[in-house]
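Here, each number is a calculation from the coordinates, and none is a lab measurement. Everything numeric in this text was worked out from a predicted model, so none of it was measured. Neighbour counts run over all protein chains shown; Cβ positions are idealised from the backbone, glycine included.
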Amino acid sequence: MDHPFAITLDVGTSRANKTGSWRTELPMYVHNQPPCNQGCPAGEDVRTWLYEAEEGGDAYERAWRKIMEVNPFPAVMGRICYHPCETGCNRGQVDEAVGINSVERFLGDEALRQGWTVSVDHPSSGLRVLVVGAGPSGLSAAYQLARLGHAVTIVESAPKAGGMMRYGIPEYRLPRDVLDAEIQRILDLGVRLELGVTVTDLDATMREGRYDAAFLAVGAQIGRRAYLPAGAASHVVDAVSLLHELGDGERPLLGRRVAVYGGGNTAVDAARTAMRLGAADSVVVYRRTRDKMPAHDAEVREAEEEGVRFTWLSSITQVEQGSLTIERMELDETGFPQPTGVTEELPADSLVLALGQDTDLRFLEGVAGIEVDHGVVTVDDQMMTGRPGVFAGGDMVPDQRSATVGIGHGRRAAAGVDAWLHGRSAPRTEVRSPAAFEALNTWYFADAPRAHRPLLEAVRRSSTFDEVVQSLDADHALYEARRCMSCGNCFSCDNCFGVCPDNAISKTGDPDAPYAIDLDYCKGCGLCAAECPAGAIRMVPEEI
């Protein structure tokens with residue numbers, strides 16, 4: 001394998017005397033947890049699939065299949081995930097984090113282009129599982145359960161599958177043909193999808209369908225309202241409804257001047273959508289400062305480039321036809337915004353409320369064992385509720401709310417469902433030591449500035465729903481994969497083999513354990529551990 005960003009050393013000495021008896025410590029190859037793996041809510045083994053992708057060509061399919069073990073949406077997540085895997089990337093302390101999300105999108109798109117498919121891994125279990133909700137969490141669980149051999153039926157109240165991926169994320173961020181293709185791949189495993197069906201009585205639905213277990217993932221589809229004094233002719237809508245209408249193919253009428261109240265990603269999406277629907281002025285009103293805004297920086301920057309304005313430290317106090325009254329805020333000594341009594345008028349034909357979302361859990365009323373606390377369902381570490389055989393995930397359980405988190409919930413719940421159906425405990429995730437930056441020898445890696453994905457021109461973006469962020473081409477995707485430093489894991493660079501002064505290290509040809517240490521000759525000098533670029537060797541005390 002060619003690793004252009006790591007220097008390879010050659011063998012320099014020959015074997016002489018057996019020196020193993022001198023040793024007080026011996027080297028051990030380790031598999032530590034890279035920060036990218038640790039940061040992925042979906043549970044991807046990022047380091048491994050990047051390692052596969054470094055070969056390019058036919059290896060791309062191996063990399064894609066590694067992702068597909070835990071995440072059935074690489075092309076979708078390569079577009080909408082806010083890549084927490086990159087936040088902790090050790091490469092970021094050298095130059096810039098590896099563009100993990102960019103490579104994932106490239107692999108997902110390549111799979112769609114090439115028509116790669118997955119298959120059911122296990123024989124039919126003869127067991128039936130109900131999934132309520134066809135959002136990222138429900139679809140993820142259905143995918144994993146189908147591959148485990150279970151008969152899965154998804155019921156979804158909306159006319160199309162996708163949940164917040166379809167009804168909460170605008171098309172300029174996620175083209176619908178990409179979403180539809182990855183959903184269809186799941187359905188091709190034999191998953192049954194019933195659209196336009198609302199579950200109102202969980203017990204009755206399970207009994208009538210003779211389901212052996214259920215996974216609930218209804219999402220948070222109700223926009224929160226706020227009491228704002230409003231005139232009879234004022235036009236106030238919530239962002240959830242606005243984006244849902246777009247998902248159904250409608251074009252809501254907002255007028256030429258649109259205000260959006262809120263500070264999250266949904267608020268930014270609504271403001272950018274308003275521009276694309278013909279607004280000449282789209283302004284986000286937020287009661288805090290930009291550094292406290294929960295929306296992601298990249299989304300805010302792109303919105304500003306497209307002409308969206310932001311009014312910081314402002315609160316809306318009155319809504320009238322054609323205008324809003326906003327009150328200026330100021331930060332107190334604790335950094336919390338306080339009203340100042342200073343008001344001004346903001347022209348606006350409509351106001352979009354983006355103040356958060358809640359889950360409709362009325363269908364769980366009267367279901368024994370299921371506990372609802374502050375609008376979310378209590379689950380254990382296997383995602384099972386207090387009702388045996390009923391699991392839940394996604395936005396309806398306590399956790400961060402994102403598609404990637406939902407996918408992770410679906411995967412964990414599927415493992416829990418499968419274990420419960422077979423009367424055994426679900427497998428536990430292996431706990432590995434973190435791969436710290438201090439253990440790396442970064443001077444072995446050549447300078448390699450990050451390859452960023454191109455954007456459409458801002459003027460074109462604001463007037464069309466064409467996809468904003470473009471994909472890396474094959475050359476740049478390969479380059480970006482090779483920027484990975486394989487933190488805490490061997491990548492067969494041959495440095496240990498080359499620097500060992502006693503030739504105690506040999507190549508095995510086994511990709512899972514590429515080197516062997518001959519303890520008759522290893523004197524425990526630690527040179528291999530000290531010079532390992534990835535920090536994949538540590539010295540341990542010799543057992544007597």
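Observations
- Extent along principal axes [Cα atoms of region 224-271; Å; largest to smallest]: 31, 23, 19
- In the chain, the sites counted are GluC sites (Glu not before Pro) in DSSP loop states with at most 11 other Cβ atoms within 10 Å, and the longest stretch holding none of them, exclusive of the sites, is 1-249.
- Counting only Cβ charges, +1 for Lys and Arg and -1 for Asp and Glu, the dipole size of the chain around its Cα centre is about 500 debye.
- Of the trypsin sites (Lys or Arg not before Pro) in region 386-441, those whose Cβ has at most 11 other Cβ within 10 Å and which sit in DSSP loop: ARG424, ARG428
- Over 42 Å [Cα-Cα, the chain], rounded percent: 31 percent
- Residue exposure sequence - VAL98, VAL283, VAL197, VAL342 - by fewest surrounding Cβ within 10 Å: VAL342, VAL197, VAL283, VAL98
- Euclidean distance of C-alpha centroids, region 350-402 and region 420-457, integer Å: 30 Å
- Relative contact order, percent, the chain [alpha-carbon distance under 8 Å, six or more residues apart]: 25 percent
- Note on region 446-544: Cα-only Rg and Dmax are 21.8, 73 Å.
- Calculated P(r) tail over 18 Å for region 127-262, as whole % of Cα pairs: 60 percent
- Gain in span if fully extended, ALA516 to ASP291, counting 0.36 nm per residue against the direct Cα distance: 75.9 nm
- Per-q log10 I(q)/I(0), region 226-357, q = 0.09, 0.15, 0.16 Å⁻¹ (Debye; single scatterer per alpha-carbon; no solvent): -0.24, -0.66, -0.76
- Inter-part distance where region 240-276 and region 149-223 are each reduced to a Cα centre, Å: 24 Å
- Per-residue [θ]222 nm for the chain (sum of -39500 (n - 2.57) over DSSP H runs n ≥ 4, rounded to 500): -8000 deg cm²/dmol
- Cross-link reach is defined here as a Cα-Cα straight distance under 18 Å, omitting same-chain residues fewer than 8 places apart; for LYS523 the aspartates and glutamates meeting it are GLU25, ASP502, GLU531, GLU542, GLU543.
- On Cα atoms only, tilt of 176-187 relative to the major axis of the chain in degrees: 60 degrees
- In region 190-323, a dipole from Cβ-located charges (positive for Lys and Arg, negative for Asp and Glu) runs towards its positive end, and of ALA226, VAL240, SER323 it is SER323 whose Cα lies farthest in that direction.
- Surface/4 estimate of mean projected area, convex hull on alpha-carbon atoms of region 296-370, nm²: 9.6 nm²
- Rounded tilt (10° steps) of 403-421 against the dominant C-alpha axis of the chain: 70 degrees
- Take every pair of alpha-carbon atoms less than 8 Å apart whose residues are at least six positions apart; their mean separation over the length of region 389-544 yields a relative contact order of 19 percent.
- In region 226-357, the DSSP beta bridges split such that about 45 percent are antiparallel, to the nearest 5.
- Modelled FRET efficiency - R0 25 Å, ALA204 with SER124, Cβ distances, 0.05 increments: 0.45
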